[in-house]
Amino acid sequence: MSAVPMPSSPQPAAPPDGLRGLVSDWSSDRQAFHVPWGKAMMWIFLLSDTFIFGSFLTGYMTVRASTTVDWPNVSQVFSLHVGATEVPLLLIAIMTFVLITSSGTMAMAVNCAYRRDRVNAAALMIVTAGFGEMFVCMQAFEWTKLILEGVRPWENPFGAAQFGSSFFMITGFHGLHVTGGVILLIIVSIRLLRGDYERTGNYAIVEIVGLYWHFVDLVWVFIFAFFYLW
Amino acid sequence: MSTGTTGQQHPIGLYLKIWALLFVLSTLSYLVDYFHFQGLMRWSLIIVFMLLKAGLIVAIFMHMAWERLSLIYAILVPPLCLLVLVGLMWAEADHTFLTRLLFFR
């Protein structure tokens, strides 16, 4: 054994930024993403979900562009009567505002969680879940209305038959995501209130749930634009 | 352990501003339908408002603006493949439409 004392390894320098940082991060031995692993995994899951909804919307584009029958007038199909006047897309607009509001409360919940204000974080998450549930209820109302008017995945009284299949598949999958998000929000807020994360002081879980919730809002932005407005 | 594992911490005022901005943009895109814009004007307005809203949500609410490039590129570049799919399916849909006009009318 040599008696030469080994020099203590120097402290690792902060990783560089910009393009140089991109190269050094991706070529690093042990960790490419300098975020908690749960957050990296959530991002990768959301990436795969992007492909699911992207494929749905592309499929919708394909059937809509290839049908020789006129597409239904979406603005009229989703209009609501307020008194005597018919307001186009009213319910869809309200649903959009509800979802954006829930995204705002979620962002504030993340902020509270990182300040270790777990009561307010949990309260804001419950409010977010409430708005999410409101969205799902309005969607159920919309489905009921359309089903009663005779819209089916294979036919509808307004125009091209593909309208029904696209509508039920795209909004159905989105509603499923919202429902899953509501359940996730409630579970995590209960664990917050119980103080499960107090021991480690690691509140990244709130940001991770938040990522999922904002993604659901993000998908709705695209559905609103391409399905309801186009 | 590594740097950058601390959580994203930004003032609540920023979130409120973005929230208000998203409300305004949603109202604007709703008004596109309400005032019956048609044709190229309608499509470009819809796309512009959609991309602005999506950008704000991803950049601010999902904190992408403050993440490192390695994560940003890993998440935001692969969805561009979808544009290839859209291009292919657009050509396919066009072809189907023309054959349907030839044989089913």
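The values are calculated or read from the model by the stated rules, or taken from the named source; none is laboratory data. Everything numeric in this text was worked out from a predicted model, so none of it was measured. FYI the Cβ positions are ideal-geometry reconstructions off the backbone, even for glycines, and counts take in every protein chain you see.
Laid out as a table, the results:
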read-out	value
Extreme residue, surrounded by the most Cβ atoms within 10 Å (Cβ to Cβ), among residues of the stretch B:47-66 that are under 23 Å from A:Leu89 (Cβ atoms), facing chain A (nearest Cβ under 9 Å) and touching a residue at least 12 places away in the same chain (Cβ under 8 Å)	B:Lys53
Condition met for B:Leu22 (hydrophobic (A, V, I, L, M, F, W, C) and either within 12 Å of A:Ala225 (Cα to Cα) or facing chain A (nearest Cβ under 7 Å) (or both))	yes
So A:Ala140, is it touching a residue at least 40 places away in the same chain (Cβ under 8 Å) and either of a type in the set (A, V, I, L, M, F, W, C) or part of a helix (DSSP H, G or I) (or both)	no
Answer residue from the stretch A:74-127, given it is within 9 Å of another protein chain (Cβ to nearest Cβ) and in a loop (DSSP other than H, G, I, E, B) and is surrounded by the fewest Cβ atoms within 10 Å (Cβ to Cβ) among those	A:Arg115
Those residues of the stretch A:111-141 which are closer than 30 Å to A:Leu89 by Cβ and aliphatic (A, V, I, L, M), in sequence order	A:Leu124, A:Met125, A:Ile126, A:Val127, A:Ala129, A:Met134, A:Val136, A:Met138, A:Ala140
Unmet requirement for A:Thr67, which otherwise passes all of (1) within 23 Å of A:Val219 (Cβ to Cβ); (2) at pLDDT 90 or above	(1)
Qualifying residue in the stretch B:32-46 (condition: within 16 Å of the chain's Cα centre (by Cα), loosely packed, with under 14 Cβ neighbours inside 10 Å and under 26 Å from A:Ser75 (Cβ atoms))	yes
Any hit, the stretch B:29-42, residues being touching an Asp or Glu at 6+ places or on another chain (Cβ under 7 Å) and outside any helix (DSSP H, G or I)	no
Verdict on A:Gly180 being surrounded by fewer than 18 Cβ atoms within 10 Å (Cβ to Cβ) and within 16 Å of the chain's Cα centre (by Cα)	yes
Total residues in the stretch A:138-171, condition surrounded by 14 or more Cβ atoms within 10 Å (Cβ to Cβ) and under 30 Å from A:Ala109 (Cα atoms)	5
Count of the stretch A:179-230 residues which are of a type in the set (Lys, Arg) and over 11 Å from A:Arg118 (Cβ atoms)	1
Count - residues of the stretch A:35-73 that are more than 23 Å from the chain's Cα centre (by Cα), without any contact (Cβ under 8 Å) to a residue 40 or more places away in the chain and surrounded by 15 or more Cβ atoms within 10 Å (Cβ to Cβ)	3
Residue, nearest to B:Gly13 (Cα to Cα), within the stretch A:143-157, restricted to residues that are touching a residue at least 12 places away in the same chain (Cβ under 8 Å) and assigned to a helix (DSSP H, G or I)	A:Trp143
Answer residue from the stretch A:197-223, given it is more than 7 Å from every other protein chain (Cβ to nearest Cβ) and aromatic (Phe, Trp, Tyr) and is nearest to A:Pro88 (Cα to Cα) among those	A:Trp220
Qualifying positions in the stretch B:52-105 - of a type in the set (Val, Ile, Thr) and assigned to a helix (DSSP H, G or I)	B:Ile57, B:Val58, B:Ile60, B:Ile72, B:Ile75, B:Val84, B:Val86, B:Thr96, B:Thr99
In the stretch A:21-34, residue surrounded by the most Cβ atoms within 10 Å (Cβ to Cβ) [restricted to those that are facing another protein chain (nearest Cβ under 7 Å) and out of contact with any Gly (no Cβ under 8 Å at 6 or more places or on another chain)]	A:Phe33
Any hit, the stretch A:46-54, residues being facing chain B (nearest Cβ under 9 Å) and of a type outside the set (A, V, I, L, M, F, W, C)	yes
Conditions (1) within 19 Å of the chain's Cα centre (by Cα); (2) more than 8 Å from chain A (Cβ to nearest Cβ); (3) surrounded by fewer than 15 Cβ atoms within 10 Å (Cβ to Cβ); number of the one not met by B:Phe103	(1)
Test: residue in the stretch A:48-71 that is of a type in the set (A, V, I, L, M) and farther than 26 Å from B:Val84 by Cα	yes
